[in-house]
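Quick notes on the structure that follows.
What follows is calculated from the coordinates using simple rules that are stated; it is not laboratory data. This is a predicted model, so every value here is computed, not measured. Note that each Cβ is placed from the backbone with ideal geometry, even for glycine, and that neighbours are counted across all protein chains shown.
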Amino acid sequence: MPELPEVETVRLGLAPVMEGAVIDEATLRRPDLRWPFPQRFAKRLTGRRIVALGRRAKYLLADLDDGEILVMHLGMSGSFRIEADGGQKIAGRYYHPRSTLGAHDHVVFDLSSGVRVIFNDPRRFGMMDLVSRREMEDSRHFKGMGIEPLGNELSGETIAALFKGRSAPLKAMLLDQKRIAGIGNIYACEAMWRAKLRPTLPAGQLATGRTTPARAQRLADAIRDVLNDAIAAGGSSLRDHRQATGELGMFQHSFAVYDREGEPCPRPHCKGVIRRMVQSGRSTFYCPVCQR
C-alpha cells in the first residue's frame, strides 16, 4: 500500500491541474470501490471548484468551494491518470504502462481546464467519500488519527510522550496510525536505521531521560528526513506506484535496509549485514550491528 511519500507525490502531480479547476462532470463507472460511493456523489461534485488539494496521512483531500471535502485513498493498486483533450496521456520521463483498461477506470473527472483525471483501481481497495470540512476530523476516516510526521508536532518530546510506558516493539509503534499517521513498513525500517535504533527495542525506552531523550530526537529527525528524501525522489516504485504523470518514483534505489537482506550495511565503517525478520506478519529489515 502506498505510504505518505507516495501519496504526497501523487498530490504534487495532481495539484497543478486540479487546484482552481471546476469539475464540469464527474462520472462513476461502478457503484462502489472498497465501499459504496456517497449518495448523489457525482451530482454533488459536478460544478464544484477545487479550492485546494491537500493530504492527511495517506489520504488525498480535495477542498471544494461548497464546504465539502472530497476524500480519496489509493488503496493497494489505485492510481490517477491525467489526460489532455482528445485522450492524449500526459506522461513523464520514466513512463511505464500501468493499468489503463477501461474496466478499471472507475471514476472520471472532466475539468474546466480541458484536462481529464481518471482514477484506475484494478483491486478496488481504494475509496472516495465526501465529508463536511467542519466535521472532517471527527469523520470515520480521521477520528483518532495520529499526528502528521511532517507537521510541527513531531519532535523528540512528542515521540517520548507518545511512547511513554509502552513495552511494544518500536517498529509496531511506528506503524500505529493512532500515534503517528502515514508511516508504513518501508519508511519505518529506513527511519529506524537512520536513527540507529533496533526494531525490537521496547518503545517506552525512548521516553527515559530528564530532558528530551536523545534517541527520541534522533528518531524524530530520521522520520522527517527519510520522508522528505522520499518525496523529493518521487516516492518508491515497487509494484503499483506511479506518479500522476506516469513517472516512476526513484527512492527505492536509495534504500539502506529495506529489501536488502544479506547485503552489507551501507553505514560507513559498519561491518554488519542486513537481516530480515517478521514482526506482526510484516518483514522488517535492519542492521544487527549499528541498530541498538
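Lysines within cross-link reach of K164: Cα-Cα under 16 Å, excluding same-chain residues under 8 positions apart? Counting by Cα, and skipping residues close in sequence, K164 has these lysines nearby: K178. Comparing T27, M145, F41 along the charge dipole axis of the chain, the residue lying farthest to the positive side is M145, per the Cβ-charge model. Local charge for L201 was computed over the other residues whose Cβ lies under 10 Å away, with Lys and Arg +1 and Asp and Glu -1, and equals +4. Packing, as the average of other Cβ atoms within 10 Å across residues, places the peptides 45-52, 226-233, 192-199 in the order 192-199, 226-233, 45-52, highest first. Coupling constants for segment 17-29 follow from the phi torsions by the Karplus curve (6.51 cos²θ - 1.76 cosθ + 1.60, θ = phi - 60°), and in residue order they are 9, 9, 5, x, 8, 9, 7, 5, 7, 10, 10, 9, 9 Hz; glycine and proline get x. Working from label points 7 Å from Cα in the Cα-to-Cβ sense, the Q177 to V273 distance is 3.7 nm.
Between D65 and C290, what is the FRET efficiency for a Förster distance of 35 Å, r being their Cβ-Cβ separation, to the nearest 0.05? That gives a FRET efficiency of 0.10.
Largest mean-square fluctuation among Q279, Q177, Q217, in a Gaussian network model of the chain whose springs join Cα atoms under 10 Å apart, belongs to Q279. In a reduced charge model with +1 at each Lys and Arg Cβ and -1 at each Asp and Glu Cβ, the chain shows a dipole moment near 1220 debye about its Cα centre. The phi-based Karplus calculation (6.51 cos²θ - 1.76 cosθ + 1.60; θ = phi - 60°) puts the 3J(HN,Hα) values of segment 273-286 at 10, 5, 10, 10, 9, 10, 10, 6, x, 10, 6, 10, 10, 7 Hz, whole numbers, x for Gly and Pro. Full extension of the chain segment joining S113 with H253 gains 46.8 nm, where the gain is 0.36 nm per residue of separation less the Cα-Cα distance. Summarised in one figure, the compactness ratio Rg/Rh of the chain, Cα atoms and Kirkwood Rh, is 1.01. In this structure the amide hydrogen of G234, modeled in the peptide plane, comes within under 5 Å of the amide hydrogens of M250, none closer than 5 places in sequence on its chain.
Considering only L60, V257, A84, and ranking their Cα positions along the charge dipole of the chain that arises from unit charges at the beta-carbon of Lys, Arg, Asp and Glu, the one farthest toward the positive end is V257. For segment 4-138, rounded, prolate or oblate, judged on the Cα gyration tensor with a ≥ b ≥ c (square roots of eigenvalues), a/c < 1.5 rounded, else prolate if a/b > b/c? Cα axes put segment 4-138 in the rounded bin.
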